[in-house]
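Note sheet for the following structure.
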Amino acid sequence: MAEVKITMSLNGSLKVEGPATLQDHEGNKVPTPEGRPFFLCRCGASQNKPFCDGSHSRVDFDGS
């Protein structure tokens with residue numbers, strides 16, 4: 001089985017690599033790009049939640 005790797009950027013998103021399944025609060029599958037990494041928002045300002053849209057730069061998110 002392939003490994004899932006999640007990497008936190010210092011002041012940005014979570015990079016998810018590998019065969020991860022993303023589900024919403026009701027257990028419904030959220031589509032992700034197959035075979036490619038995807039990025040999850042940590043700052044809460046993304047207009048494309050749960051995915052990162054780069055808003056962390058605009059809002060000066062401090063992930064430390």
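The values are calculated or read from the model by the stated rules, or taken from the named source; none is laboratory data. Because the structure is a prediction, the values reported are computed rather than measured. Heads up, the Cβs are rebuilt from the backbone with ideal geometry, glycines too, and the neighbour counts pull from every protein chain shown. In case anyone asks, the SASA skips ligands and DNA or RNA and just uses the protein heavy atoms, side chains included. Shrake-Rupley method; radii C 1.70, N 1.55, O 1.52, S 1.80 Å.
Is it possible to state the helix-based mean residue ellipticity at 222 nm for the chain, with each DSSP H run of 4+ residues giving -39500 (n - 2.57), the sum divided by total residues, to the nearest 500 deg cm²/dmol? What is it?
-1000 deg cm²/dmol, from helical runs alone.
Report the paramagnetic label zone for V16: residues of segment 36-64 whose backbone N is under 17 Å from a point 7 Å from Cα along the Cα-to-Cβ axis.
Correct set: 36-54.
Hey, could you pull the Cα Rg and Dmax for segment 19-64, both in Å?
When restricted to the Cα atoms of segment 19-64, Rg and Dmax are 12.0, 32 Å.
Find the relative contact order for the chain and round it to a whole percent, using C-alpha pairs within less than 8 Å whose residues are 6+ positions apart.
Values: 102 pairs, mean separation 19.8, N = 64.
31 percent.
Using a 1.4 Å probe on the protein chains only, how many percent of the accessible area of the chain belongs to carbon and sulfur?
The computed percentage sits at 50.
So with the 1.4 Å probe, I'd like the accessible area per residue for segment 1-46, rounded to whole Å².
74 Å²
Give me the net charge for the shell around A20: Cβ to Cβ below 13 angstrom, other residues only, Lys and Arg +1, Asp and Glu -1. Numbers along the way, then the final one.
Working: positive: K5, K15, K29, R36; negative: E3, E17, E34.
After counting each charged neighbour, the total is +1.
Could you give the dipole magnitude of the chain about its Cα centre, charging the beta-carbon of Lys and Arg +1 and that of Asp and Glu -1, in debye to the nearest 20?
Roughly 80 debye, rounded to the nearest 20.
For D62 and S9 in one chain, what is 0.36 nm times their gap in residues minus the Cα-Cα distance, to one decimal in nm?
Once the chain is fully extended between D62 and S9, it gains 18.0 nm.
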